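Comments concern the structure below.
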Amino acid sequence: MEELQAPPAMDRLSALAAGTVVPAEIHPELQDEEMILEVADFNLSYGSKQVLFDVNLPVPRGKVTALIGPSGCGKSTLLRSVNRMNDLIDNVTITGDMSLGGDTVYGRGVDVIELRRRMGMVFQKSNPFPMSIRDNVTYALQINGERNRAVLNEVCETALRGAALWDEVHDRLDESALGMSGGQQQRLCIARAIAAEPEVLLMDEPCSALDPIATTRVEELILKLRGDYTVLIVTHNMQQASRVSDYTAFMYLGQVVEYGPTAKLFTNPLLKETEDYITGRFG
Amino acid sequence: MSKTTTPGKSGSFTGRRYSRKPRRSVLWVDALATRLIALSGIGSIVAVSLVGLFLAWVVLPLFLPTEISKKLGMPVSGVQSESGTPMTVPVASAIDNYGLMVWEMRTNGEIAVQALDGGAILERIQVGGGIVPTAWAFGVDTGPVAFGYADGRVQTGEMKWETRFLADAEVPAAALALEVGETHIWESGLLVRTPEGQLRHQRLGLELADHIALGDSAIELLDLAVTPSGLVLAAIDADLKFHHRRLTMKTNMLTGKVRVRARGGDTSLPGLGVNSRPAFSFLGLDETGNLALLLRTDGSMVRLRNQDSEFVVSGRQDLVPNPTAQVSSVTYLNGRTSLLVGDSEGSVVVWFPARAAQGQEPVLQPGHVLEPGPAAVTALTASARSRMLAAGYADGTVRVFNATNERLLGEDRLDGNVIDRLSIAPREDLLLVTGAKEAGLWNIDAPYGEFSMGALVRPVWYEGYPEPTLVWQSSAASDSFEPKLSLMPLIFGTLKATFYSLLFGLPLALLAAIFTSEFLPRGTRARVKPVIEIMASLPSVVLGFLAALVVAPWVEHVVVEVVAVLFVAPFGVMLGAHLWQLLPRELAARLEAIRPLAVLVSLVIGGFVGWHLAPALTQLAFAGDFKAWLDGRVGTGLSGWFVLLIVPASLAVGWLNVQHGEGLIRTRGLGWSPLALAILDLVRFLIATVVAIGLALFVGWLLNASGWDPRGSIFDTYVQRNALVVGIAMGFAVIPLIYTISEDALVSVPDHLRAASLGAGATPWQTAVRVVVPPAMSGLFSAAMIGLGRAVGETMIVLMAAGNTPIMDMNIFNGFRTLSANLAVELPEAVQNSTHYRTLFLAALTLFLMTFVLNTVAEAVRLHFRRKTSRL
């Protein structure tokens, strides 16, 4: 940790493996973007095991940003740190900070509930609540105290249309959400997340449990959301990242290695390690 | 896998060969385990079924049909006229303890002792030395007797079966060859070989004392009561004089002669305004000898009471309201309290005095009306052992009833005979029927006549009670006691105990489970849970002991304090929560970690304030004396209503507040500072509190003004061992049980649901209530049901802390007796195979079925809920 000297590129992987912090290669295109989420020198440890090392990641507003990297590289942890879901786990130590739209996330006196209401989250495994489709979609509004039925119905329809689910379920809104297919459930979770008009939509491998057809539909949905919402998506599937995202960050062993426009990262990365990972030479 | 990694030529990776066939030992262990598991599974089901079956087996005889059946016919004992009918009518008879012989007295004053087997006359005794008595009275079964004569004299005496065991040398040779059970007529009695091989001789002994002169004219009616202080005699003579005597017997030590001293007085009935038209047909003395009943043939009854040695009329009543019917047969039921009146139209009615208010004369009530008979009632007799009675009718019908539950235990006919006299054997297994022309002996097969299904669950009019009631009282000191076997007070007590313990334990246990599963960090939870589970291992006898000897006396002194704390402490927590909102946001977020501590502190402060508010509350609401208030001696019902209504009123106001108040804040409060909103919220809470108190007071005032007082039902006289104490103690017994199961149910709700809810910005409480509790509902429900089952079956705590009074009283400050405690108390003392014993087993079966049904329902509901959420 003491050696701040950047090692040669070919040794980057071994340096990362040794726990040395190596600054990420960030493409200049990002400087033109307006950032909604800034991650600054973020470190996170589970007990004595450090999983994130000095992560710096600006997330541009209104764009889809993908986090890729091999299993255990900390991309899900980073995502869950954004809305402080890691608070629920005992024994987590955090240094550094993030800011959402200029407001601190980890500073003192932050209302976590309010913070989470500004973000939506879609999980790896679809997790609809055991209640009706309508109640699922309007959950965020209901816990916020909204009781006006007309408002709820309107939001429900808008969100379901936004999630491209309205045509499939509009005649069974009061049936249990558990009766839907896996792909529908995941799109319902997306509808539930966007119904609260989040500033950032966090997606943690949203398609990993879906079949190819359902995956296609979710990807189409993400493309549709681009522009209206800021999406931060973790994915294992590099094709998916290349299909849906504007920017991609490649993470390895708890550090961001390279971060830039998706097209550039996939076709002409700055680092050989990124190219090796993307072409499947390791990972 | 590429070719290069192909293993050696043997086709094996490791170079070893394994047989594909499982080893014999493996198969053997598998077969053994399969069978053992099947065996223990089936065994446990069989064991539980056997318990139920055994209970049912013991209970079953209660439900078997009863009957009377003719055992043997006999000639009548009286001297027959030429036409074959006796010239006399039997007036009294009794069977001996062993069911071998019978004595019968007829109107001519002759007592005939007859062997039941064969009907041979063993002895004839002439009462009064040839003078035919005009009146007679017999005590219970055999024992004291009295005869009245035409010259106004009365003779008392003692009549009893004399039994002695004889050596072989003392008896005639013919008797030596007797087999067990065989009888031999000898010396005016019967010799019988007992199962132990001894020879027993039994005969009737009658010893009469000197005559007592009562008046000058013929004694017409006579009765005798055996009281603890001696015999009491009452008589009416032809001059309409009522004679009353207390007799004291003195035996001369030297001569053995019994001297009778009689004290008492004579009263002229016309002087009391009592005439003898129509004629008197019955004179009866009650158990104390101080109350005499005179019954005329038309059913009109006059009651005389001994008031300072003077008899006065204390009541007149018509016991046969039917104008065409005549009294045809009257006798006392066992205990000399209930009067059996049979009339010429075949109806038999049991009359007894109901408990009357202080200073008032009790009135006879027609407590039981037995099934109407086919003809005039000609004979009535009561068993000396229980409430069994037999009725004979003019057409030869004989019926056996139980008076308490009005059950017809059996019916048969002695065709072509008017039934003159019936007699039930001391063991209630034989019935002697004497008709006008023939006699006979019947078997009574009704060992559980005191039991009836209806009496278990429906109110029964017991002797001395003002109305039919549900009572459990299985035994008493007196022999003439009427067993009262209604299970309802016990079932009520069980439900009362269950209700109050769950009222206390269920919310605490469920909230504790939600707290540890949803609000505590996992590490803390892993330590808290076992500690609460240790509570479950606390023996219930210890809890009961603490409840009875520590909690009960303590609560008695601080009951107002306890109630005040119960209400003020939650208010303190709510107030604390609202004050917490006043903290600046950043400070609140920083103090987040100590918030549970703050809750605890506000709870303690609330409790402290409640405790010290109690004396003032006592002054204000209960006129300074809570127990006197409970008794209804001071204060009004308003404060009682307030205590009952404050919780529903708070809930209602709170609900309205949430429904409408929050929307108002949402629309109006946009842009307000958090501090202003917090102050608004606090004010809103305080206003809601005042409104809730006002609402409770107003509704309470309305109810109070309309004449309803909660005292007398839910609140009543304070008894130290009461439902509140049991609720607290048994709450402690059920809390760990409910807590553990519901905590497991909550924890088993998948974490991804919590993550989704928290990720959407829900608070932990919103997550718990909206997302975690619904899928865990099946588990929470079965936890509650298992807690319920535990409370229903719990014995030691209720046995020690509930006072064990089998009363049906809603009063939270009164005791009760549960089915289980009743079993623990009474089963060790119940005579094996008696009605009481089997009824206790029926109570056990009821308890078994209650818990069985509860658990089955719990399981069914749990499965139903689980199906609904199984796709999670």
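For the range B:619-738, just run the numbers: alpha carbon Rg, then divide by 2.2 N^0.38 Å, N being how many residues it has. Before the final figure, lay out the partial values.
On the way: Rg = 19.7 Å, N = 120, 2.2 N^0.38 = 13.6 Å.
Ratio of Cα Rg to 2.2 N^0.38 Å: 1.45.
Antiparallel as a % of all DSSP beta bridges within the range A:169-273, to the nearest 5?
Values: 6 of 12 bridges.
Looking only at bridges with both residues in the range A:169-273, the antiparallel portion is about 50 percent.
Considering protein heavy atoms only and a 1.4 Å probe radius, which residues within the range A:146-177 exhibit an accessible-area decrease of no less than 30 Å² in the full assembly relative to the chain by itself?
The answer is A:147.
Between residue B:33 and residue A:211, what FRET efficiency follows from the Cβ-Cβ distance if R0 is 45 Å, with the result rounded to 0.05?
0.65
Mind scanning B:529/B:868; B:250/B:484; A:75/B:529; A:63/A:272 and naming the pairs with a C-alpha gap bigger than 31 Å?
Over 31 Å Cα-Cα: B:250/B:484; A:75/B:529.
Can you pull the percent of the protein assembly as shown's accessible area that's carbon plus sulfur, 1.4 Å probe, other chains left in place?
60 percent
From Cα coordinates alone, what are the radius of gyration and Dmax values for the range B:516-675 in angstrom?
20.9, 61
Within the range B:553-579, what residues put their amide N at less than 20 Å from the label point 7 Å along the Cα-to-Cβ vector of residue B:616?
B:558-576
Would you mind giving the mean number of other chain beta-carbons within 10 Å of the Cβ of each residue in B:748-759, as a whole number?
Partner-chain Cβ atoms within 10 Å, mean over residues of B:748-759: 6.
Ignoring GluC sites (Glu not before Pro) that are buried or in helix or strand per DSSP, and keeping those with at most 10 other beta carbon atoms within 10 Å, what is the longest stretch of chain B between them?
Within chain B, the longest run free of exposed GluC sites (Glu not before Pro) spans B:197-872.
Can you tell me the dipole magnitude for chain B around its Cα centre, using point charges on the Cβ only (Lys, Arg +1; Asp, Glu -1), in Debye to the nearest 20?
5880 debye
Principal axis extents for the protein assembly as shown, Cα atoms only, whole Å, descending order, please.
That works out to 145, 90, 59 Å along the principal axes.
Taking 0.36 nm per residue of sequence separation and subtracting the Cα-Cα distance, how much length would be gained by fully extending the chain between residue B:174 and residue B:676, in nm to one decimal?
So the extension gain works out to 169.1 nm.
Which of the listed residues, B:609, B:836, B:425, is farthest toward the dipole's positive end in the protein assembly as shown, when Lys, Arg count +1 and Asp, Glu count -1 at the beta-carbon?
Value computed over the given set: B:609.
Give the span of the range A:68-108's Cα atoms along each principal axis, as three whole-Å numbers ordered largest to smallest.
Result for the range A:68-108: principal-axis Cα extents of 32, 25, 15 Å.
Taking the simple approach of a point 7 Å from Cα along Cα-to-Cβ for both residue A:14 and residue B:656, what is their distance in nm?
Going by the 7 Å Cα→Cβ label model, 7.9 nm.
Determine, from the Cβ-Cβ distance of residue B:857 and residue B:623 and an R0 of 41 Å, the FRET efficiency 1/(1 + (r/R0)^6), rounded to the nearest 0.05.
Working: r = 46 Å, r/R0 = 1.11.
Efficiency at R0 = 41 Å is approximately 0.35.
For the pair residue B:549 and residue B:834, what calculated FRET efficiency results from E = 1/(1 + (r/R0)^6), where r is the Cβ-Cβ distance and R0 = 41 Å, to the nearest 0.05?
Working: r = 34 Å, r/R0 = 0.83.
That gives a FRET efficiency of 0.75.
Evaluate the charge dipole of chain A about its Cα centre and quote only its size in Debye, nearest 20, assuming +1 on the Cβ of each Lys and Arg and -1 on the Cβ of each Asp and Glu.
My answer is approximately 560 debye.
Set Lys and Arg Cβ to +1 and Asp and Glu Cβ to -1, take the dipole of chain B about its Cα centre, and tell me which of B:639, B:730, B:827 lies farthest positive.
So the residue furthest toward the plus end is B:730.
Would you tally the net charge around residue B:221, using a Cβ to Cβ cut-off of less than 12 Å, leaving residue B:221 out, and scoring K and R as +1, D and E as -1?
Details: positive: B:241, B:296; negative: B:220, B:223, B:237.
With Lys, Arg at +1 and Asp, Glu at -1, the net is -1.
Describe numerically, in nm with one decimal, the distance between label points set 7 Å from Cα along Cα→Cβ at residue B:166 and at residue A:282.
Roughly 12.2 nm, to one decimal.
Please sort B:651-658, B:337-344, A:213-220 by packing, taking for each peptide the average over its residues of neighbouring beta carbons within 10 angstrom, highest first.
Ranked from most to least packed, the peptides come out as B:337-344, A:213-220, B:651-658.
At 1.4 Å probe radius, can you tell me the per residue accessible area of the range A:59-113 in Å²? Walk me through the intermediate numbers first.
Numbers: 1960 Å² over 55 residues.
Solvent-accessible surface per residue comes out at 36 Å².
Taking the Cα centre of each part, how many Å lie between the range A:254-283 and the range B:518-537?
Spelled out, the Cα-based centre of one part sits 48 Å from the other.
Give the relative contact order (percent, whole number) for chain A; include only Cα pairs under 8 Å separated by 6+ residues.
Numbers: 532 pairs, mean separation 78.4, N = 283.
Averaging sequence separation for qualifying contacts and normalising by length gives 28 percent for chain A.
Please find, in a Gaussian network model of chain A (springs between Cα atoms separated by less than 10 Å), the residue of A:120, A:69, A:109 whose mean-square fluctuation is greatest.
Top of the fluctuation ranking is A:109.
With the contact rule set at Cα under 8 Å and sequence spacing of 6 or more, what percent relative contact order holds for chain B?
The normalised contact order for chain B reaches 9 percent.
Between the range B:807-860 and the range B:311-349, what is the separation of their alpha carbon centroids in Å?
Measuring centre to centre over Cα atoms gives 39 Å.
Any idea how far apart residue A:267 and residue B:473 come out in nm if each label point goes 7 Å out from Cα toward Cβ?
Inter-label distance under the simple model: 10.3 nm.
Give me the accessible area buried between chains A and B, both sides summed, with a 1.4 Å probe, in Å² rounded to the nearest 100.
The contact between B and A buries close to 2500 Å².
When the Cα centres of the range B:228-257 and the range B:632-654 are compared, how far apart do they sit, in Å?
After rounding, the separation between the Cα centres reads 64 Å.
Could you tally the net charge around residue A:37, taking each other residue with its Cβ under 15 Å from the Cβ of residue A:37, Lys/Arg +1 and Asp/Glu -1?
Net charge around residue A:37: -1.
Determine the shielding of peptide B:30-37 by partner chains: average, over its residues, the number of Cβ atoms on other chains within 10 angstrom of each Cβ.
Per residue, the number of nearby Cβ atoms from other chains is 0 on average.
Sort B:660, B:211 by accessible area with a 1.4 Å probe, largest first. Could you put the intermediate results ahead of the total?
On the way: B:660 125, B:211 75 Å².
Largest accessible area first, the residues go B:660, B:211.
Summing +1 for each Lys or Arg and -1 for each Asp or Glu, what net charge is found among the other residues whose Cβ lies under 12 Å from the Cβ of residue A:85?
+1
As I understand it, the dipole of the range A:12-51 uses +1 on the Cβ of Lys and Arg and -1 on the Cβ of Asp and Glu, about the Cα centre. Which of A:22, A:36, A:47 lies farthest toward its positive end?
A:47
Please state, as a whole number in µm²/s, the translational diffusion coefficient that the Stokes-Einstein equation yields for chain A at 10 °C and 1.306 mPa s, with Rh defined as the Kirkwood radius across alpha carbon pairs. Spell out each step's value before the answer.
Working: Rh = 19.6 Å.
Stokes-Einstein gives a translational diffusion coefficient of 81 µm²/s.
Select from the range B:205-304 those trypsin sites (Lys or Arg not before Pro) which occupy a DSSP coil region and have at most 13 other Cβ atoms within 10 Å, ordered by residue number.
Hits after loop and neighbour filter: B:257.
Rounded, prolate or oblate: which fits the range B:319-390 when a ≥ b ≥ c are the square roots of the eigenvalues of the alpha-carbon gyration tensor, with rounded for a/c under 1.5 and prolate only if a/b beats b/c?
The shape class here is oblate.
Can you give the charge dipole size of the protein assembly as shown about its Cα centre, rounded to the nearest 20 debye, using +1 on the beta carbon of Lys and Arg and -1 on the beta carbon of Asp and Glu? Kindly include the intermediate steps, with their values, before the conclusion.
Values: 95 positive and 110 negative charges, 537 e Å.
Its charge dipole is roughly 2580 debye.
Counting pairs of alpha carbon atoms under 8 Å apart in space and at least six apart in sequence, what relative contact order in percent does the range B:544-669 give?
Relative contact order here is 25 percent.
The values are calculated or read from the model by the stated rules, or taken from the named source; none is laboratory data. Note that this is a predicted model, so its numbers are computed, not measured. Note that each Cβ is placed from the backbone with ideal geometry, even for glycine, and that neighbours are counted across all protein chains shown. Keep in mind that these areas ignore ligands, DNA and RNA; they rest on the heavy atoms of the full protein, side chains included. Shrake-Rupley method; radii C 1.70, N 1.55, O 1.52, S 1.80 Å.
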